[in-house]
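Comments concern the structure below.
The values are calculated or read from the model by the stated rules, or taken from the named source; none is laboratory data. A quick note: this is a predicted structure, and the numbers were derived from the prediction, not measured. With ideal geometry, Cβ positions are generated from the backbone for all residues, glycine too; neighbour counts draw on all protein chains shown.
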Amino acid sequence: MGSCAACDREYDLRVLRSARDLDLVVADGLREHARDLGDEDTVCPVCVGACVGDDGFHDRIQASWPLDAEAVYGVLPVPLRLHANPHYRGRGVCIAFLDSGFHAHPDLVARRNRIRAYVDATTQDIVEHPSVEPAGALSWHGLMTTSVAAGDGSCSGGRYRALASEADLVLVKISDPDGGVHDEGIARGLSWVRRNHRRLGIRVVNLSVGGDEEQSLRESAVDQLVTALVREGVTVVAAAGNAGKRRLVPPASAPAAITVGGLDDQNLMGPAAYRIWNSNYGPTVDGVGKPELVAPSIWVAAPILPGTDQEPQAEALDRLANASAAEVAGLFRRLGEVAGLHSGFSRRRPEVIASAARRLQIKQQYLEAAYKRVEGTSFAAPIVSSTAAVMLEANPGLTPHRLKRILLDTAELVPGVEPERQGRGVVDPREAVARALRDPGGVLKGLPLSPTPSGGGVRVIFAPRDRGAVAVVGDFNDWDPAAHPLRSLRSGVVVADIASVPDGSRYQLLLEDGALVEDPENPRRVPDGFGEWASRF
């Protein structure tokens with residue numbers, strides 16, 4: 001047992017947390033009542049919850065992230081905005097990307113090199129290389145698409161982690177000598193994938209590329225190859241295009257592909273903010289309606305390509321924007337020119353220089369030293385590809401047909417937008433994974449979503465993957481792990497039955513490694529004050 005530094009009550013040590021890890025806004029609130037609270041002290045969930053409060057959780061998140069709703073400095077990470085299940089990250093699943101070039105960025109290789117193969121398919125003489133070869137500016141697009149799908153956010157301390165941050169990758173460069181991407185190169189890359197997908201374990205192909213002209217399936221070698229891959233068990237995801245026209249070229253026109261249009265969620269959480277983005281749509285030459293889904297295509301974070309002029313500028317602006325008043329003048333003398341700020345600022349007050357740096361960051365769409373905002377269906381498609389990867393981690397037995405059906409059935413329509421523009425609506429990774437877990441072969445088959453009514457009370461159901469789970473703790477049981485331990489229901493599934501809970505009570509799942517996590521299938525949640533979430537009954 002240990003005591004909370006804010007209220008002096010005793011709690012199990014496993015539910016006490018270090019004050020050092022508190023969100024800044026919560027720490028400030030606690031210190032209004034416990035002025036001597038230090039970083040080495042521990043605090044209880046009850047005191048922290050009182051500071052988080054019941055008001056709109058986006059306001060609380062905004063206080064914890066570098067986000068300005070007016071200037072839109074910073075973006076909320078995709079898993080946060082789409083309420084993804086944090087326990088599935090694409091582990092053991094391989095995604096192939098066809099693009100103009102690639103870069104072995106730390107977000108893909110620092111913790112573990114997840115690149116299974118790099119292939120140069122720019123000519124008929126296709127070569128598989130042991131490592132990624134730099135391609136200059138051509139590397140940027142592929143760097144962004146791979147990172148949006150599978151980056152682990154290493155350069156942001158994990159902040160800009162993608163949905164499938166543990167997936168493996170196969171990178172296929174298909175640009176021509178002039179850097180262009182055309183039908184011939186796409187077909188060449190897809191042919192290579194078709195010959196090698198079994199050897200490399202490729203389950204998903206991401207195509208954030210567009211061909212030349214509208215064609216029927218009978219005319220298009222690209223669309224025929226997509227059809228063949230899907231028949232052979234590979235899910236293919238294609239970007240719809242960014243012109244906002246009724247025009248769909250291969251591979252977006254492939255009937256077997258999952259074609260993805262764009263969504264503008266205004267960098268907020270929840271459907272009230274949804275607006276359709278300016279992406280291509282409409283029937284193909286064969287009369288097939290596209291897109292099938294939409295996903296965020298704006299306010300998306302991606303790494304800045306190392307070695308470009310933007311890299312030192314972004315770093316310089318980040319340092320100037322966040323420097324103390326005492327540091328600004330010296331930093332400006334060293335970094336002002338690199339940052340792109342006029343020399344006349346040297347005579348201005350520190351706060352003016354810092355403000356100018358922040359404004360230029362916003363103009364250049366830099367998020368911090370290593371990331372920037374990107375937009376386009378090229379980045380909406382990887383979000384769907386990464387959703388497919390986490391679904392396959394949850395249930396490796398899913399066929400492309402079944403996976404696509406689950407994605408469509410769990411999508412959420414954007415109100416007031418005709419189906420022609422959005423297909424079945426916005427991809428929902430949380431619901432898609434929950435459905436995959438309940439499909440044949442899934443560990444939760446036959447079980448309801450958690451929490452579920454049971455015998456006059458509620459039952460919490462959890463598939464802990466490879467993380468042991470101990471108990472359900474919350475306001476309703478005074479955060480006591482002994483009160484409602486999780487017990488095995490069957491292999492891979494644990495449950496806890498709770499006789500009665502007040503509506504709105506916060507709760508979390510205590511894992512064997514000491515982590516307190518949300519109930520991943522419960523859409524009702526609030527910030528827990530430590531950068532994570534607490535669920536609500």
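One line per residue, one yes/no per condition, for (1) of a type outside the set (A, V, I, L, M, F, W, C); (2) more than 23 Å from R188 (Cβ to Cβ); (3) surrounded by fewer than 24 Cβ atoms within 10 Å (Cβ to Cβ):
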| position | (1), (2), (3) |
| --- | --- |
| R218 | yes, no, yes |
| L225 | no, no, no |
| P251 | yes, no, no |
| G270 | yes, yes, yes |
| Y274 | yes, yes, yes |
| P283 | yes, yes, yes |
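The set of residues in the stretch 409-442 that are buried (at least 16 other Cβ atoms within 10 Å of the Cβ) and among the hydrophobic types (A, V, I, L, M, F, W, C) comprises A411, V414, V426, V427, A432, V433, A434, A436, L437.
Given the criteria part of a loop (DSSP other than H, G, I, E, B), at pLDDT 90 or above and either in the same structural domain as A272 (by TED's automatic domain parsing) or among the small types (G, A, S) (or both), does G74 qualify? Judged against the criteria, G74 is not a match. For the stretch 170-190, taking the residues that are in contact with a helix residue (DSSP H, G or I) (Cβ under 6 Å, 6 or more places away or on another chain) and outside any loop (DSSP other than H, G, I, E, B), the one that is nearest to T146 (Cα to Cα) is identified as V170. In the stretch 451-470, the residues that are on the phi < 0 side of the Ramachandran plot form Cβ pairs under 7 Å with partners that are in a strand (DSSP E or B) and surrounded by fewer than 16 Cβ atoms within 10 Å (Cβ to Cβ), at six or more places apart or across chains, as follows: S454/D497; G457/D497; V458/T452; R459/T452; R459/D497; I461/T452; V470/P485.
The residue list D409, D439 contains one member that is in contact with a helix residue (DSSP H, G or I) (Cβ under 8 Å, 6 or more places away or on another chain), modelled with pLDDT of 95 or more and under 20 Å from K290 (Cβ atoms), which is D409.
Given the conditions (1) outside any helix (DSSP H, G or I); (2) within 29 Å of the chain's Cα centre (by Cα), and given that R358 satisfies all but one, which numbered condition is not satisfied? All conditions are met except number (1). Number of residues in the stretch 479-506 that are touching a residue at least 60 places away in the same chain (Cβ under 8 Å) and more than 28 Å from the chain's Cα centre (by Cα): the value is 4. Can you tell me which residue is surrounded by the fewest Cβ atoms within 10 Å (Cβ to Cβ) among those in the stretch 468-497 that are more than 17 Å from D528 (Cβ to Cβ) and in contact with a helix residue (DSSP H, G or I) (Cβ under 7 Å, 6 or more places away or on another chain)? The residue in question is A483. Only residues that are without any contact (Cβ under 8 Å) to a residue 40 or more places away in the chain and hydrophobic (A, V, I, L, M, F, W, C) were counted across the stretch 174-230, and they come to 7. The condition (being touching a Lys or Arg at 6+ places or on another chain (Cβ under 7 Å), surrounded by 12 or more Cβ atoms within 10 Å (Cβ to Cβ) and not basic (K, R)) is satisfied by just one residue among C44, C4: C44.
Restricting attention to the stretch 375-392, the residues that are surrounded by fewer than 24 Cβ atoms within 10 Å (Cβ to Cβ) and either of a type outside the set (D, E) or under 30 Å from G441 (Cα atoms) (or both) add up to 1.
Within the stretch 525-536, does at least one residue satisfy the condition of being outside any strand (DSSP E or B), surrounded by fewer than 16 Cβ atoms within 10 Å (Cβ to Cβ) and on the phi < 0 side of the Ramachandran plot? No, every residue in the stretch 525-536 fails to be outside any strand (DSSP E or B), surrounded by fewer than 16 Cβ atoms within 10 Å (Cβ to Cβ) and on the phi < 0 side of the Ramachandran plot. How many residues does the stretch 360-374 hold that are surrounded by fewer than 21 Cβ atoms within 10 Å (Cβ to Cβ), among the charged types (D, E, K, R) and touching a residue at least 24 places away in the same chain (Cβ under 8 Å)? Adding up the residues that qualify gives 2. Comparison of A463, A411 shows that the only residue that is out of contact with any Cys (no Cβ under 6 Å at 6 or more places or on another chain), within 18 Å of A388 (Cβ to Cβ) and not assigned by TED's automatic domain parsing to the domain that holds D12 is A411.
It is to be established whether one or more residues within the stretch 333-344 are free of Cβ contacts under 8 Å to residues at least 12 places away in the same chain and of a type in the set (A, V, I, L, M, F, W, C). No; the residues of the stretch 333-344 include none that is free of Cβ contacts under 8 Å to residues at least 12 places away in the same chain and of a type in the set (A, V, I, L, M, F, W, C). Within the stretch 392-434, the set of residues being outside any loop (DSSP other than H, G, I, E, B), free of Cβ contacts under 8 Å to residues at least 60 places away in the same chain and closer than 25 Å to F462 by Cβ comprises R402, I406, D409, T410, E431, A432. If only residues of the stretch 87-143 that are aromatic (F, W, Y) and buried (at least 24 other Cβ atoms within 10 Å of the Cβ) are counted, the one that is nearest to G211 (Cα to Cα) is F97.
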